[in-house]
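Since every read-out is calculated from the coordinates, none of them should be taken as a lab result. Since we're looking at a predicted model, the values are computed, not measured. Heads up, the Cβs are rebuilt from the backbone with ideal geometry, glycines too, and the neighbour counts pull from every protein chain shown.
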Amino acid sequence: MFRFNDEVVVADGMCQDLSVDKGSKAESKALGGDRLSTFQKIRTAGIFVLGPLSGLLFICLLPLMSLLIVVTLLSKMASASDVMQSEEAAMCMGCHANQDVVKTFGNKEKLSVRISERHFKDSVHGFLTCTSCHSTVSMDNHPSANYASRRAFAVQISTACKGCHTDEQLMAKPMHRAAISRSNAPPCSDCHGSHSIRKSAGWKEVASTSQYCLTCHKKDLSLSVNGETLSLTIDEKTLRGSVHGSHECSNCHSEYSKTAHPLREFKNKRELSIAFSGVCKGCHTDKYQQHQGSIHTSLLTQGNRKAPVCTDCHGAHAVGPKLLAETLSGTPCRKCHESTFEAYKNSVHGQAKMSGNSQAPICSSCHSAHQVGPALASRSPKATCFGCHEDAAALHKEWLPNADLHLDAIACTACHVPEAEHTVYLRVTDNRSGASINKATLKEYLGPGYDDLTSAKENGLDEKHLWDVYQQLGDKNSAAGLTGTLGLQDCNKSHNLASKKWAVKQCDSCHDANSKFFKTVAMAIIAPDGHEEHYAVNRAVLGSVITLLPINQFYAIGSTRLRFLDILGVLMVFGGMSVPIVHLTLRFLTIPIREAKRLNKLRKEGRR
Amino acid sequence: MKRIYLHPMLVRVCHWINAFSFLVLILTGIQIRYRDVIQVTSFRTAVDIHNIFGFVLLFNFIIWIIYYVVSGKFRTYIPPFSFKGFIAGCIRQARYYGYGIFMGEENPHHSTPDSKFNPMQQIAYLNIMALFIPVQIVTGILLWDVKGFAYWIGLAGGIKVVDSVHVLLYLFFTSFLFVHVYLATLGHTAGEHIKAMFTGYEEVPEHGHSH
């Protein structure tokens with residue numbers, strides 16, 4: 001049998017035969033003195049007893065001795081073969097034991113071709129000789145092959161493995177099947193190494209699951225998923241540094257273990273991310289359930305596969321602590337909501353955050369981290385902003401007449417983002433609770449009228465549409481009505497909150513028929529996921545007598561006044577003014593009549 | 001000519017406080033509602049002044065009504081029980097304003113402390129003092145604290161309805177003011193009724209004259 005021992009290779013590169021056991025010689029030298037004289041006594045005293053006994057034994061043992069001789073000869077033949085292989089290996093190692101032997105590839109990459117005898121001996125292939133794998137090399141021939149790169153070399157050399165490990169054998173294991181059936185299959189050496197391949201059975205038992213997985217996955221592995229390249233490489237350092245650093249791979253990838261590596265197929269990388277994000281539920285049940293109720297999950301179920309799952313914000317293997325997301329640069333929302341983030345960055349909140357104020361809000365402060373939804377700033381201003389600005393109502397009352405009314409009907413952003421365009425949002429709300437009626441319920445209330453409401457109109461919904469809605473809601477005895485709220489046209493701009501010194505404080509900004517705040521009106525309907533669908537409404541509805549009852553709650557003195565009253569007012573005031581003018585004129589014109597009557601009277605009195 | 005004591009001191013004071021408050025409320029009302037047409041003061045100033053004089057009007061009205069009810073003078077606003085006679089009186093008075101006055105006829109109504117108003121004035125001022133002004137005050141108070149009176153505003157049909165009623169009466173008072181002032185000049189002399197509202201005494205011919 002071919003064996004490398006520490007002492008085998010000598011300086012000149014020749015291999016010594018270690019069949020001569022040095023230990024045995026030393027033991028032989030130790031025999032002498034008492035033991036030798038005992039043997040002589042036995043020979044003298046028992047020659048007559050032992051002679052015939054020895055002869056008998058010889059006859060009996062003859063066949064056994066013959067067998068031993070045959071076995072010994074066969075053993076000698078095998079030993080001769082060992083000697084032959086050892087010579088070959090010794091010849092190879094004559095050069096490859098040298099640390100300075102380096103192979104340079106076409107792309108200038110260098111590879112040390114030094115072989116560690118000890119590692120090879122301990123490897124699972126320790127019984128093979130060099131040419132068993134490197135079949136093109138022999139003691140007589142050592143062709144020099146040029147490889148473009150180290151990778152190309154590894155790919156070429158790995159084909160030798162198939163000499164013993166047939167495709168059929170490899171295909172039986174799903175992991176191998178997955179690996180080798182790919183066009184860009186990694187060479188065997190990527191996972192197993194080259195000369196120090198260890199027998200898996202032994203270390204597999206002592207290695208942790210993660211160690212076992214990382215054997216391959218810490219290497220440069222990738223997978224092609226319908227043309228997309230998916231990296232399967234895990235940076236061990238990053239993984240260990242994450243909040244899940246002490247977890248085993250199989251804690252999350254529960255179908256995978258040291259003995260199981262099922263093949264899973266996905267349409268694309270995104271589908272894989274979505275599917276794997278489900279594993280978080282195992283530990284983070286509460287957060288997962290919150291996410292299920294978010295606008296993001298709703299978008300996912302509606303078919304928007306871009307909607308974020310756990311890993312989009314938290315990362316897959318580099319799961320960071322929560323605080324990581326609370327910095328400006330690390331805010332995961334930014335990946336999708338860039339324009340919103342830009343608005344936030346320039347806002348009083350973003351500026352405070354950048355200046356190091358840890359209390360300054362980030363996205364999740366208003367939208368929540370997992371049950372992500374609209375901030376409701378335009379629906380119930382108090383719900384969002386007053387969470388932090390607890391004294392806001394009291395501060396507004398110090399200077400703003402009817403402060404509570406203003407805070408109910410106007411979104412905080414309407415005044416605190418002074419440059420943005422505004423819209424009056426009409427929402428169908430429950431008259432008792434004030435909560436918005438969602439789309440499904442509204443459809444139920446309005447029946448076919450709902451489609452009419454939401455179908456495209458050239459000039460938007462007019463007062464007749466709103467009157468129909470009002471009547472239909474009344475017919476259903478729904479206790480629902482239209483509620484108007486002033487908000488911002490572009491929700492992105494809501495994030496660009498200005499310092500309060502720039503906020504709109506002048507009453508005249510709103511309470512003027514020319515106010516820019518009331519130029520657009522929209523019907524807002526709450527979709528199941530909480531976001532709003534907007535349908536344009538003709539702004540004339542704000543000043544229409546027909547909508548006096550349908551939108552009787554939203555009214556800004558001076559700016560959304562009824563046009564009918566304007567006309568009536570002019571008629572009444574001019575009517576009032578015309579009474580004295582006309583009467584005076586008639587009195588003036590009838591002076592002659594009265595004068596004549598007076599003279600007649602005087603004449604009559606004179607006659608008397 | 002004879003002098004009759006037509007307007008007691010309290011009535012005169014109330015009248016002029018009322019008159020001034022009305023003027024201020026009308027002018028600030030214009031500023032509150034029609035800023036796109038005319039801007040003399042800021043909205044906030046206009047609202048503040050409007051609120052102050054709204055309450056002045058309210059307290060003035062309370063004093064006035066207590067005085068009129070307690071003294072029994074309120075009867076002068078109540079038309080006679082005889083509907084037929086009342087209608088006939090109205091027609092007679094309307095005929096005077098629309099014809100008789102031009103022909104030099106005498107005013108059919110002669111003012112006395114117990115009967116200051118002719119039938120047309122009676123019905124007009126009864127509506128104004130017992131209905132329009134109270135409604136105007138109530139709607140004004142509701143608009144003064146919309147949130148606080150949200151329940152009542154809801155009962156009334158919403159803020160838009162309440163404000164529309166307030167504005168409608170505002171327009172009526174504004175237009176009526178021209179008629180009221182003009183009619184005040186139709187006394188024995190142009191300034192007679194107005195002077196009486198300062199002095200309390202009105203000089204009337206022996207047969208009496210009134211607007």
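Brief remarks follow.
- Number of partner chain Cβ atoms within 10 Å, mean per residue of B:179-186: 3
- Chain B: DSSP helices with Cα axial extent of at least 15 Å and average Kyte-Doolittle hydropathy no lower than 0.5: B:9-33, B:43-71, B:133-144, B:159-184
- FRET E, pair residue A:269, residue A:464, Förster distance 30 Å, beta-carbon r, rounded to 0.05: 0.05
- For the protein assembly as shown, the C-alpha radius of gyration sits at 1.89 times the compact-globule guess of 2.2 N^0.38 Å, with N the residue count.
- Amide H to amide H, with H built 1.01 Å from N, residue A:488 comes under 5 Å of A:423, counting only residues 5 or more places away or on other chains.
- Segment residue A:145..residue A:604, full-extension length gain: 150.0 nm, with 0.36 nm per residue of separation and the alpha-carbon distance subtracted.
- Scattering profile of the stretch B:93-161 at q = 0.24 Å⁻¹ [log10 I(q)/I(0), Debye over alpha-carbon scatterers]: -1.02
- FRET efficiency for the residue A:260 to residue A:113 pair, using the beta carbon distance and R₀ = 35 Å, is estimated at 0.40.
- The protein assembly as shown: antiparallel DSSP beta bridges as a percent of all, rounded to 5: 80 percent
- Taking only alpha carbon atoms, the stretch A:530-608 gives an Rg to Rh ratio of 1.55, where Rh is the Kirkwood radius.
- Calculated translational diffusion coefficient of the stretch A:199-320 (37 °C, 0.692 mPa s; Stokes-Einstein with Kirkwood radius over alpha-carbon pairs) equals 207 µm²/s.
- Cα-based reach from residue A:464 at 24 Å (exclusive), listing lysines while leaving out same-chain residues under 8 positions away: A:439, A:443, A:476, A:519, B:160
- Note on residue B:114 and residue A:238: their simple-model spin labels are 10.5 nm apart, each label 7 Å out from Cα toward Cβ.
- Amide hydrogen neighbours beyond the local backbone of residue A:521, cut-off 5 Å, H modeled: A:424, A:537, A:539
- Neighbour count of at most 15 Cβ within 10 Å plus DSSP loop: longest GluC sites (Glu not before Pro)-free window in chain B: B:1-104
- The stretch between residue A:588 and residue A:172 holds 137.7 nm of extra length on full extension. This uses 0.36 nm per residue minus the Cα-Cα distance.
- For the stretch A:199-320, a crude dipole built from +1 on the beta carbon of Lys and Arg and -1 on the beta carbon of Asp and Glu, taken about the Cα centre, is about 100 debye to the nearest 20.
- Whichever lysines have a C-alpha closer than 20 Å to that of residue B:2, once near sequence neighbours (fewer than 8 apart) are set aside: B:116, B:195
- Where only alpha carbons of the stretch A:566-607 are counted, the Rg and the Dmax (Å): 17.8, 60
- Modelled this way, with points 7 Å down the Cα-to-C-beta line, the labels at residue A:430 and residue A:97 are 8.8 nm from one another.
- Legend: P(r) of the stretch A:384-449 from all alpha carbon pair distances, 5 Å bins from 0, whole percents, reading 3, 12, 17, 20, 16, 14, 8, 6, 2, 0.
- Cα convex hull of the stretch A:459-539, projected area averaged across orientations, nm²: 7.5 nm²
- Annotation for residue A:156 and residue A:211: the two label points, set 7 Å from Cα along the Cα-Cβ direction, are 3.6 nm apart.
- Loop-located chymotrypsin sites (Phe, Trp or Tyr not before Pro) in the stretch A:397-472 (DSSP state not H, G, I, E or B) with no more than 10 neighbouring Cβ atoms inside 10 Å: A:399.
- Calculated FRET efficiency for the pair residue A:339/residue A:289, C-beta based, R₀ 41 Å, to 0.05: 0.85
- Taking the convex hull of Cα positions in the stretch A:404-560, its mean projected area over all directions (nm²): 9.3 nm²
- Hydrodynamic radius by Kirkwood, which averages 1/r over all alpha carbon pairs of chain B, in angstrom: 18.9 Å
- With the helix formula -39500 (n - 2.57) applied to DSSP H stretches of n ≥ 4, the protein assembly as shown reaches a computed 222 nm mean residue ellipticity of -15000 deg cm²/dmol.
- This model, with +1 at the C-beta of Lys and Arg and -1 at the C-beta of Asp and Glu, gives the protein assembly as shown a dipole about its Cα centre of some 2180 debye.
- The residue list A:600, A:589, A:574 was ranked by how far each Cα lies along the charge dipole of the stretch A:566-607 toward its positive end, using unit charges on Cβ atoms, and A:600 comes out on top.
- Within the straight-line cut-off of under 19 Å between alpha carbons, the lysines reachable from residue A:397 are A:382, A:500, A:501, A:505, B:147, sequence neighbours fewer than 8 places apart in one chain being disregarded.
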